[in-house]
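Values quoted throughout were computed directly from the atomic coordinates according to the rules given, and no laboratory measurement underlies them. These numbers come from a predicted model, not from an experiment. Because the Cβ atoms are built from the backbone with ideal geometry, glycine has one as well, and the counts that use them run over all protein chains shown.
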Amino acid sequence: MREIFNRLVDNTSVHIEVNVEAGGYKAENPWLLSVFVKYEGIDEKQDGYEEFLETKESLIIALEHVDKAHYVGSRIVDGWNEFYFYAPSSKELDSIVHKILTPSNYIFESNVVRDTKWDFYETQLFPTELEIHHMQSAKIIFLLEEEEDDLSIEREVEHYAVFDTGTQKDRFVNMALDAGFTLKDDIATDEYEHGVALVKVHKPTSEEVQKVVEELFVLIKKELGYYEGWSTTLVNEEENI
């Protein structure tokens with residue numbers, strides 16, 4: 001399953017695509033293949049974008065079918081599209097890359113290194129816990145936009161957190177109340193008995209949600225808890241999203 005998110009690296013936004021289920025292939029694929037292709041665009045409306053995507057998918061198919069290499073993700077950095085694969089062997093990887101990309105006339109380069117622990121995948125591609133929450137937020141916001149909801153209108157937004165102990169939960173709630181949240185209810189999950197639903201009035205825009213989630217995430221982690229996401233209603237129809 002491919003997921004897309006942005007990560008801030010040295011004050012620069014890096015666009016990342018990652019196969020979040022790729023870790024299951026770790027044991028049999030110790031070789032990391034990096035392919036850098038010079039292409040500036042990420043906008044589907046840009047001229048040549050469809051052709052570039054076709055070239056990318058052709059490369060992925062060729063490496064997966066011919067050499068059993070697994071595509072694990074990509075990054076866009078300074079006009080370079082970086083594609084990453086893990087393979088059982090280092091043989092023929094570069095030759096396949098050249099066979100696919102040479103006719104395309106894109107400027108490219110490739111490199112193969114041994115990475116048995118998949119350190120690059122874990123540290124440079126796989127999303128952090130907070131980034132996963134931002135990805136989930138983007139999906140909720142997309143659903144709101146699909147319903148033509150006016151995201152500029154503030155409304156009550158519920159945020160959920162769970163903890164190992166009731167003491168952790170209580171300390172967190174006190175901090176959250178001081179930060180402008182209100183307590184709605186205690187909750188429990190199959191895994192955690194001590195949870196809480198909080199409410200804050202804010203816009204469900206990407207910028208505002210990210211700000212609120214990051215603020216709450218810091219408080220939750222002070223008590224070693226886990227953020228469980230958020231929900232809200234359509235302002236016109238009062239339906240839960």
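Per-structure values
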quantity	calculated
Intensity falloff of the chain expressed as log10 I(q)/I(0), Debye formula with alpha-carbon point scatterers, at q = 0.09, 0.15, 0.16, 0.17 Å⁻¹	-0.52, -1.04, -1.10, -1.16
At R0 = 51 Å, FRET efficiency that the Cβ-Cβ distance of Ile153 and Glu64 yields, to 0.05	0.65
Label-point separation in nm, Arg2 to Glu54, each point 7 Å along Cα→Cβ	1.6 nm
Extension gain, Val14 back to Asn236 (0.36 nm per residue minus Cα-Cα distance, nm)	76.3 nm
Spin-label pair Leu177/Glu193, simplified geometry with 7 Å Cα→Cβ offset, distance in nm	2.3 nm
Over the chain: helical MRE at 222 nm, DSSP H runs n ≥ 4 each giving -39500 (n - 2.57), nearest 500	-10500 deg cm²/dmol
